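Report on the following structure.
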């Protein structure tokens, strides 16, 4: 059996496994005997990638089939400072697994999405898990917290997802909430209204925010970067998900 290498974002970890992505997603989200439930978001990593920070070869040597021939589910290689030691060139497809264990794969786009003149909300996934509203488009926001920081801190890299704001993206004070599922709407409106060009480009909504979020609220997709390199994994449209990935879509909305 071949050994796969996965970079988990919930929580941040580098994991070796004999399970292919769909089976690993189910195992990681629901447990070996379906005794737990929780979303999983993870990248498949080039299995030939090596870095002196990780004992990948040592963990691969321990990732062997069980006496009954069953594959080894997981060997944790690292759960600390994983993001900063993985170049984007080593990242393969991104997988989203629902709490029920259904897995969807997303491919990397060749370019970043078109910039829209509206407000944004970002869920930072790794190495921190803050919820932030911003005047900045995804690439500008990423640069603002990594390579060209406007504050006194910076991160070596970041994985993040942009979430839907609906009408609030253009009119945070009077925009309709529609079907936005957030439980902190008044706080969200107030945070958006504090954004001011030239003086306050970003506003923290939640310093430490739950890493689980409704997959249906992903606005355009996921972003992963190290240093000056930023790549984009576009989310499939709701229409495509309903038509071509209906089982996953239904599982994501239970």
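Since every read-out is calculated from the coordinates, none of them should be taken as a lab result. Please read these numbers as outputs of a predicted model, since none were measured by experiment. Cβ: placed from backbone, ideal geometry, glycine included. Neighbour counts: every protein chain shown.
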* To do: Let me know the Rg and Dmax you get for region 4-106 when you use only its Cα atoms, in Å.
  => 13.0, 37
* In terms of the Cα gyration tensor, with a ≥ b ≥ c the square roots of its eigenvalues, is region 179-253 rounded because a/c is under 1.5, prolate because a/b exceeds b/c, or oblate? -> oblate
* Structure fact -> Length gained, residue 37-residue 228, 0.36 nm per residue minus C-alpha separation, equals 65.2 nm
* To do: Using only alpha carbon pairs under 8 Å that are at least six residues apart, calculate the relative contact order of region 12-67 and give it in whole percent.
  => 37
* To do: Provide the FRET efficiency to the nearest 0.05 for the residue 89-residue 201 pair, computing r from the beta carbons and using R0 = 35 Å.
  => 0.70
* **Degrees between helix 185-194 axis and first principal axis of the chain (Cα, 0 to 90, nearest 10)** => 60
* **Full-extension gain in nm, residue 184 to residue 2, via 0.36 nm per residue minus C-alpha separation** => 61.0 nm
* Could you calculate the FRET efficiency of residue 170 with residue 238 from 1/(1 + (r/R0)^6), where r is the beta carbon distance between them and R0 is 30 Å, rounded to 0.05? => 0.90
* Could you calculate the FRET efficiency of residue 114 with residue 150 from 1/(1 + (r/R0)^6), where r is the beta carbon distance between them and R0 is 22 Å, rounded to 0.05? => 0.40
* Only one of the values (1) 29; (2) 32; (3) 25 was calculated from this structure for percent of Cα pairs over 30 Å apart; name its label. => (1)
* **Length-normalised contact order of the chain in % [C-alpha pairs under 8 Å, at least 6 apart]** => 20
* Structure fact -> Taking a crude spin-label model, label points 7 Å out from Cα along the C-beta direction, the residue 99 to residue 48 distance in nm is 4.1
* To do: Before anything else, pin down the relative contact order of region 4-106: Cα pairs under 8 Å, at least 6 apart, normalised by residue count, whole percent.
  => 40
* To do: Starting from 0 in steps of 5 Å, tell me what percent of the Cα-Cα pairs of region 81-176 lands in each bin.
  => 2, 10, 17, 22, 21, 15, 9, 3, 1
* Structure fact -> If the chain between residue 61 and residue 245 were fully extended at 0.36 nm per residue, the gain over the current Cα-Cα distance would be 62.6 nm
* Using the Cα gyration tensor of region 30-79, with a ≥ b ≥ c the square roots of its eigenvalues, what is the shape: rounded (a/c below 1.5), prolate (a/b larger than b/c) or oblate (neither)? -> oblate
* Asked: Given q = 0.10, 0.13, 0.18 Å⁻¹, what are the Debye log10 I(q)/I(0) values for region 120-236, with equal point scatterers placed on the Cα positions and solvent ignored?
  -> -0.27, -0.47, -0.93
* For region 208-237 and region 84-135, what is the separation of their Cα centres, given in Å? -> 2
* Cα long-axis angle, helix 21-30 against the chain (0 to 90 degrees, to the nearest 10) -> 70
